[in-house]
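Asks: A single structure is presented below for examination.
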Amino acid sequence: MVEWLKLVDKARSRSIWMLMYCTGCGAMELPPAMTSRFDMERFGIMPMATPRQADVILVTGYVTKKTLKRIIYAYEQMPAPKWVVSHGSCPINGGVYWDSHATVNRLDLFLPVDLYVAGCMPRAEANMKMFTELMDMIAKGEARGWEEYVKNRDYYKENQRKLFGYDLVFTDGRSAL
Amino acid sequence: MRVEEVIKAIQDKFGLEVESPYPRRLRVRIPAEGKSEEERRQMLRDLLQYAKEIGFQHMSFITCVDFIKDGRFELNYGLWSYTIPTMLVVKYDLDRENPKHITVVDIWKPAKTWEQEVHEMFGVEFDGNPRSFEPYVLEDWDSIPPLRKDFDPVQYLKEHPMQGAGYDPLPYVNLVEKNLEQPTVEETGGDEGADS
Ligand code: SF4
């Protein structure tokens, strides 16, 4: 069973579909990574329109309180296994927007982040490094943020409740948005 | 119409000084002294109406500037003309303590959104524009309007530690003990994670 899953992980690492949901300015550097010079599709990475078909969500910049709701909403719709990549300084500790009234400084309090890319903004080379790193981590079975989200559901939900002041309810068809 | 003609027309009709700080920009200020609130409002509306008639087609913005030391808000109405082509900015001063104003939606439709934004960011009330009282981009906002100069963002983040966590002068939070043990593949069966 375990051996078989290792093979599955290997296969997963070569077909990462990423959710086209971009926040902040970092999304600027994705088109160069997609187009002919870096061509991320040679790794089997391609953009996907809906969260239900996506494997990885790239948080490409500052996260406002309002956007975070949508990010969580999208993340919870994604089927497991799923990964979160935090891209740029802003989701790490606030970056240049650390004292903004609108942004949330630390993403990892609310979602399990598998990989960080530092930089303001990370260039396309850094993006490619990030993608290959993520592929390695997936192939080795190291990127397990989605399991952490299940195991630490109380922690993440409590943090989200403290931030928004109420529960985000998605399960019964009602949306908190 | 040419720029000189616009300057002259506004001077003749309203008796207002039109500055041209640099090419393609014109500025008019509705004077604060010697007139009642009603007259000034009427003058603003007449001027915006007149500008529309003489060839300004597009309302680019309404912005607000907080001059906290003078105790006033300055509203800027930006009108652009494709034919002249010039930007005309009309400036209007408001009392900062009691920022009540009237809408210009009936003259310029885009004002609906601009006024909504100014209301959210500065708390200026535009009488007659019902949409200006609805939230614009902020959700669940619980403090004074954020672009006023007396709004202190660091203080705000200290009061909202979850939002501000992670940067040096702000408190670090860790609320619930996190279970750091990684689950094994056997435990999850490899496909768990539908979490809702
Ligand atoms: S890290 Fe820099 S580039 Fe990225 S969202 Fe923040 S300010 Fe923009």
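Asks: List the number of the failed condition for A:Asp114; all other conditions in (1) within 15 Å of the ligand (Cβ to nearest atom); (2) in contact with a Ser or Thr (Cβ under 9 Å, 6 or more places away or on another chain); (3) without any contact (Cβ under 8 Å) to a residue 60 or more places away in the chain hold.
Replies: Result: A:Asp114 fails condition (1) only.
Residues checked against (1) open to solvent by less than 50 Å² (accessible area, probe 1.4 Å); (2) at pLDDT below 90; (3) within 13 Å of the chain's Cα centre (by Cα):
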{"site": "A:Ile57", "(1), (2), (3)": "yes, no, yes"}
{"site": "A:Gly95", "(1), (2), (3)": "yes, yes, no"}
{"site": "A:Tyr116", "(1), (2), (3)": "no, no, yes"}
{"site": "A:Ala126", "(1), (2), (3)": "yes, no, no"}
{"site": "A:Lys129", "(1), (2), (3)": "no, no, no"}
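Asks: I'd like to know if region A:53-69 contains one or more residues that are within 11 Å of another protein chain (Cβ to nearest Cβ), more than 16 Å from the ligand (Cβ to nearest atom) and either without any contact (Cβ under 8 Å) to a residue 24 or more places away in the chain or under 24 Å from B:Val137 (Cα atoms) (or both).
Replies: Checking region A:53-69: at least one residue is within 11 Å of another protein chain (Cβ to nearest Cβ), more than 16 Å from the ligand (Cβ to nearest atom) and either without any contact (Cβ under 8 Å) to a residue 24 or more places away in the chain or under 24 Å from B:Val137 (Cα atoms) (or both).
Asks: Within region A:117-136, take every residue that is within 25 Å of A:Lys6 (Cα to Cα) and without any contact (Cβ under 8 Å) to a residue 40 or more places away in the chain and give me the one that is nearest to the other protein chains (Cβ to nearest Cβ).
Replies: Of everything passing the filter in region A:117-136, A:Glu133 is nearest to the other protein chains (Cβ to nearest Cβ).
Asks: Check off (1) aliphatic (A, V, I, L, M); (2) in a loop (DSSP other than H, G, I, E, B); (3) more than 11 Å from the ligand (Cβ to nearest atom); (4) more than 9 Å from the chain's Cα centre (by Cα) for A:Ala74 and give me the number that stays unchecked.
Replies: Here A:Ala74 meets the rest and fails (2).
Asks: Residues that are touching a residue at least 40 places away in the same chain (Cβ under 8 Å): which strands (runs of 3 or more DSSP E) entirely in region B:44-142 hold 2 or more of them?
Replies: Passing ranges, in order: B:58-67, B:72-80, B:87-95, B:100-102.
Asks: Can you tell me which of (1) within 16 Å of the ligand (Cβ to nearest atom); (2) surrounded by 18 or more Cβ atoms within 10 Å (Cβ to Cβ) is the one A:Pro31 doesn't meet?
Replies: Of (1) within 16 Å of the ligand (Cβ to nearest atom); (2) surrounded by 18 or more Cβ atoms within 10 Å (Cβ to Cβ), only one is false for A:Pro31: (2).
Asks: For the list (1) within 14 Å of chain B (Cβ to nearest Cβ); (2) open to solvent by 20 Å² or more (accessible area, probe 1.4 Å), I need the number of the one condition that A:Gly145 fails.
Replies: So A:Gly145 meets the others, but not (2).
Asks: Here's a follow-up. Does region A:3-17 contain at least one residue that is β-branched (Val, Ile, Thr) and open to solvent by less than 40 Å² (accessible area, probe 1.4 Å)?
Replies: Yes, region A:3-17 contains at least one residue that is β-branched (Val, Ile, Thr) and open to solvent by less than 40 Å² (accessible area, probe 1.4 Å).
Asks: Another one. Report, ordered by the first and then the second residue, all pairs with beta carbons closer than 7 Å, sequence separation of six or more or different chains, a first member in region A:18-30 that is modelled with pLDDT under 85, and a second member that is surrounded by fewer than 19 Cβ atoms within 10 Å (Cβ to Cβ) and not in a helix (DSSP H, G or I).
Replies: Close Cβ pairs satisfying both conditions: A:Met20/A:Pro47; A:Met20/A:Met48; A:Met20/A:Ala49.
The values are calculated or read from the model by the stated rules, or taken from the named source; none is laboratory data. Quick caveat: nothing in here was measured; it's all calculated off a predicted structure. In this analysis, Cβ positions are derived from the backbone assuming ideal geometry, glycine residues included, and neighbour counts consider all displayed protein chains. The accessibility values were calculated without ligands, DNA or RNA, using every heavy atom of the protein model including side chains. Shrake-Rupley method; radii C 1.70, N 1.55, O 1.52, S 1.80 Å.
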